[in-house]
Amino acid sequence: MPNLDRTGIVYLLGAGPGKLDYLTVAAQQILHQAQVLVYDALVDGQLTQVIPLDCAQIDVGKRGGQPSTPQATINQILVEYCQQGKRVVRLKSGDPFIFGRCVAEIEALQQANCAFEVVPGLSSALAAPLLAHIPLTDPVLSRSFTVLTAHEPGALNWAALAQLDTLVILMGTRHLATILERLQQGGRSPRTPIAMV
C-alpha cells in the first residue's frame, strides 16, 4: 500500500483501461491525495473527478499523431514539483511500464534524487480482450500470448511473430494492411481469426 503521508514524491500511476471502475484501490487513494496531476490525453477525463479540487492539473498530451509535451519537459515538470515538496501523480493510461515511457521519467527522478513509487494499472492489452470475451490463452489453441506495438511496423520481425500463438497488437490500426500482409508473408494463415477492440 502506498505511503500517503509523504510529500515531495512522484507516483507513476497506471490509470487502467479508462473507466473509473477499473482503477485500482491504491490508485484511487493516491489520486485523492494528489497535489499535482500530470496526465496523458489518453486518460479518461472521469478520473479527474477523484482528485482534490485544489489539485493542479497539467495535460501533457501523448495521443498518437497529436501535439504533446516533449518528454524532457515532462521530466522537468515532475522533478520541479517534487522538489517543491508536492505530492505529484504522473497518470498514464493502462500500466506505466507497458509502452508508457516510464523509464525516462524514473531516470530523471533518480538523477534529481526525487522519491517516487510506481503503481501498476490494468493494461488495455489484457483488459480489452477480457472485456470482449476473447481469451488470450486456451489449452488447445494458444498456450502463450505476445504484446507488441505496431507503431513502427518496419522495426518488427514479422516472420518470427507469425510463428507465435496469440498476438496482442497495440497502436496498429494505422498500419493494419501492412501488419496482415507481413504476418501472411511470415507464414500466418489468412484464415487466422482476428479481433479489433
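All of Val60, Val89 fail the test of being at pLDDT below 95, buried (at least 16 other Cβ atoms within 10 Å of the Cβ) and among the hydrophobic types (A, V, I, L, M, F, W, C), apart from Val60.
Can you tell me which residues in the range 92-127 are at positive phi and either buried (at least 20 other Cβ atoms within 10 Å of the Cβ) or in contact (Cβ under 8 Å) with a residue 60 or more places away in the chain (or both)? Even if it seems obvious, please write down each step before you answer.
Here is the first cut: in the range 92-127, the ones at positive phi are 94, 99, 101, 113.
Within the range 92-127, Gly94, Phe99 qualify.
Just to be sure before I move on: is Ile30 touching a residue at least 12 places away in the same chain (Cβ under 8 Å), crowded, with 18+ Cβ neighbours inside 10 Å and in contact with a His (Cβ under 8 Å, 6 or more places away or on another chain) in the structure I sent? Give the steps one after another, and end with the answer.
Details: touching a residue at least 12 places away in the same chain (Cβ under 8 Å): yes; crowded, with 18+ Cβ neighbours inside 10 Å: yes; in contact with a His (Cβ under 8 Å, 6 or more places away or on another chain): no.
Considered against the rule, which asks whether it is touching a residue at least 12 places away in the same chain (Cβ under 8 Å), crowded, with 18+ Cβ neighbours inside 10 Å and in contact with a His (Cβ under 8 Å, 6 or more places away or on another chain), Ile30 comes out as no.
Residue-by-condition table, conditions (1) touching a strand residue (DSSP E or B) at 6+ places or on another chain (Cβ under 6 Å); (2) modelled with pLDDT of 95 or more:
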{"position": "Gln35", "(1), (2)": "yes, yes"}
{"position": "Leu42", "(1), (2)": "no, no"}
{"position": "Val50", "(1), (2)": "no, no"}
{"position": "Asp54", "(1), (2)": "no, yes"}
{"position": "Gln66", "(1), (2)": "no, no"}
{"position": "Thr69", "(1), (2)": "no, no"}
{"position": "Asn75", "(1), (2)": "no, yes"}
{"position": "Leu78", "(1), (2)": "yes, yes"}
{"position": "Cys82", "(1), (2)": "yes, yes"}
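Against the conditions (1) of a type outside the set (Phe, Trp, Tyr); (2) modelled with pLDDT under 95; (3) more than 29 Å from Leu130 (Cβ to Cβ); (4) touching a helix residue (DSSP H, G or I) at 6+ places or on another chain (Cβ under 8 Å), Pro17 satisfies every one except (3).
Taken together, the residues in the range 116-148 that are of a type in the set (D, E, K, R) and either in a loop (DSSP other than H, G, I, E, B) or assigned by TED's automatic domain parsing to the domain that holds Leu164 (or both) amount to 2.
Only one entry of Ile58, Ile98, Ile134 meets the criterion of being among the β-branched types (Val, Ile, Thr) and over 30 Å from Gln185 (Cβ atoms), and that entry is Ile58. Here Val79 meets each of (1) β-branched (Val, Ile, Thr); (2) in contact with a helix residue (DSSP H, G or I) (Cβ under 8 Å, 6 or more places away or on another chain); (3) within 30 Å of Thr146 (Cα to Cα) with one exception, condition (3).
Just the residues that are part of a loop (DSSP other than H, G, I, E, B) and over 12 Å from the mean Cα position of the chain (by Cα), please, taken from the range 98-115.
Our first condition is that a residue be part of a loop (DSSP other than H, G, I, E, B); within the range 98-115, this holds for 98-101, 112-114.
Across the range 98-115, the qualifying residues are Ala112, Asn113, Cys114.
Exactly one residue out of Ser142, Ser124, Ser68 is among the hydroxyl-bearing types (Ser, Thr, Tyr), under 30 Å from Gly187 (Cβ atoms) and within 19 Å of the chain's Cα centre (by Cα): that is Ser124.
The values are calculated or read from the model by the stated rules, or taken from the named source; none is laboratory data. Because the structure is predicted, anything quoted here is derived from the model rather than measured. Note that each Cβ is placed from the backbone with ideal geometry, even for glycine, and that neighbours are counted across all protein chains shown.
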